[in-house]
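In what follows, a single structure is set out as structure tokens and then discussed.
No lab work stands behind these numbers, since they all come straight from the coordinates. What you see is a predicted model, and the numbers here were worked out from it, not measured in a lab. Neighbour counts are summed over all protein chains in view; Cβ atoms, including those assigned to glycine, are modelled from backbone coordinates with ideal geometry.
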Amino acid sequence: MPWKDVRALDRRREFVELASAGSVSFAELCRRSGISRKTGYQVMARYRAEGEAGLEPRSRRPTNTPRRTPAAMEERVLTLRERHPAWGGRKLRRRLLDQGVSDVPSPNTVTAILKRHGRIDPVEAAKHQAWQRYEHDAPNRLWQMDFKGPLALGQGSCSVLTVLDDHSRFLVGLIGCANQRGETVAEGLTRVFRRYGLPERMLMDNGSPWGADATHPYTPLVVWLLRLNVAVTHGRPYHPQTQGKAERFHRTLEAELLRDRLFADLGYFRASLAPWQDHYNLARPHQALDLATPASRYQPSPRSFPERLPEIEYGPDDTVRKVQAGGQISFRNRNIRLPKAFRGYPVALRPTLEDGVFNVFFAQQLIQTIDLLH
């Protein structure tokens, strides 16, 4: 039998005994033992030189390891990992390169360093699987918006409003909010719009304050966005993957900033958000961007935020109606119910190619289709 089992020492002893007996040729004995003649001669030479000790198993590790990562480099890797415990080998390597460090080992070697020093949990690592990604082809085509929280503080609680550019993953908004009311969101978005301009579209879920439920997706906050000519899309109910980038970002936020930390109050929490936002945008390598930073792929929108809301104007061929207090309009001797969020505002009705079917627009967005025949 070959000697690759737990009884290797006994096999060597037996081989020496049989070789010493000389009942079969040395070559035949090696063949029956499943080893080469070279290995057989090595065993006999060690036995003659060292006796029984020469038969003990020996490590195949080389006496020196010229390809082993230098201790100083391992220390740099481990120090950077201490500052960013959620980062893996690829991000750590890219960050070291961005810092001007030379001779940085490959991502696999960096990962091996982390494993060798017990910095990677195999169970946790198995959860992070790659998936197919889709992104818009230019910045500001779509922003994803969501709340994380409420989060407990030393005094009270708060939530984090996150606004992420779909194309670049650039974090345009990271805002600590005392509540999740529409006025609070509008105030935070106003600061974001003034700095980065207006996106073409925003994606959000169906929860408050940007939606009551899947069948009533219009709130005063959404109406305000539509008046700014920002189209609004709501994710499919019970499908958080629709906002996959926002969901994934929240995991990063939790792992790199929020986990195991208790912030004293809202002011202290807000002060902690700003430097981390800069770090995320400007320094942190993003795996979905081939380890580039979000800032390297982002540019501000050319659509500036208007300090005064634009007037709502419709075309000369549109039928315009003002939405009443109960959310109703009168059209062709019928009372038609619209979302109450539009009360007091004018809407436009435009015929479709189907007889008796009309589209209802608010500003430039289609909000409802009505069928007068059914």
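The H on the amide N of Phe331, modeled in the peptide plane, is under 5 Å from the matching H of Ile336, each at least 5 residues off or on a different chain. As a size descriptor, the averaged projected area of the C-alpha convex hull of region 319-371 was calculated at 3.4 nm². Each residue of region 88-99 is assigned a 3J(HN,Hα), and the resulting list reads x, x, 5, 5, 4, 5, 4, 5, 5, 5, 5, 7 Hz, derived from the Karplus form 6.51 cos²θ - 1.76 cosθ + 1.60 (θ = phi - 60°), x at Gly and Pro. Total lysine pairs in the chain at Cα distances under 30 Å, for residues eight or more apart or on different chains: 13. In angstrom, the C-alpha Rg and Dmax of region 8-55 are 9.7, 25. Residues whose amide H comes within less than 5 Å of that of Leu151, counting only those at least five positions distant or on another chain, are Cys158, Ser159 (H built at 1.01 Å from N in the peptide plane).
GNM remark for the chain: springs join alpha carbons under 10 Å apart, and the peak mean-square fluctuation among Thr252, Thr352, Thr293 falls on Thr352. Rounded to the nearest 10 degrees, the angle from helix 244-253 to the longest Cα principal axis of the chain is 60 degrees.
Taking every C-alpha pair closer than 8 Å and separated by at least 6 residues, the mean separation divided by the residue count of the chain gives a relative contact order of 12 percent. For the chain, a crude dipole built from +1 on the beta carbon of Lys and Arg and -1 on the beta carbon of Asp and Glu, taken about the Cα centre, is about 1360 debye to the nearest 20. Beta bridges assigned by DSSP with both partners in region 143-297 are antiparallel in approximately 75 percent of cases. Proximity of backbone amide H atoms, modeled 1.01 Å from N, is registered between Phe170 and Asp165 at under 5 Å, excluding neighbours fewer than 5 places apart on the same chain.
Taking θ as phi - 60° and the Karplus parameters 6.51, -1.76 and 1.60, the scalar couplings of region 343-356 work out to 4, x, 9, x, 10, 10, 10, 10, x, 9, 6, 9, 4, x Hz in sequence order, x denoting glycine and proline.
Under the simplified labelling scheme, the Ala27-Ser208 pair shows an inter-label distance of 9.1 nm, with each label point 7 Å from Cα along Cα→Cβ.
Output needed for the chain: three equivalent-ellipsoid semi-axes, defined as square roots of 5 times the C-alpha gyration tensor eigenvalues, in descending order, whole Å.
69, 25, 18
Helix 8-21 axis versus longest C-alpha principal axis of the chain: approximately 20°, rounded to the nearest ten. Between 0 and 90 degrees, the angle of helix 37-50 with respect to the longest Cα principal axis of the chain falls at about 70 degrees.
Restricting region 245-321 to GluC sites (Glu not before Pro) that sit in a DSSP loop and have at most 12 other Cβ atoms within 10 Å of their own Cβ leaves Glu307, Glu311, Glu313.
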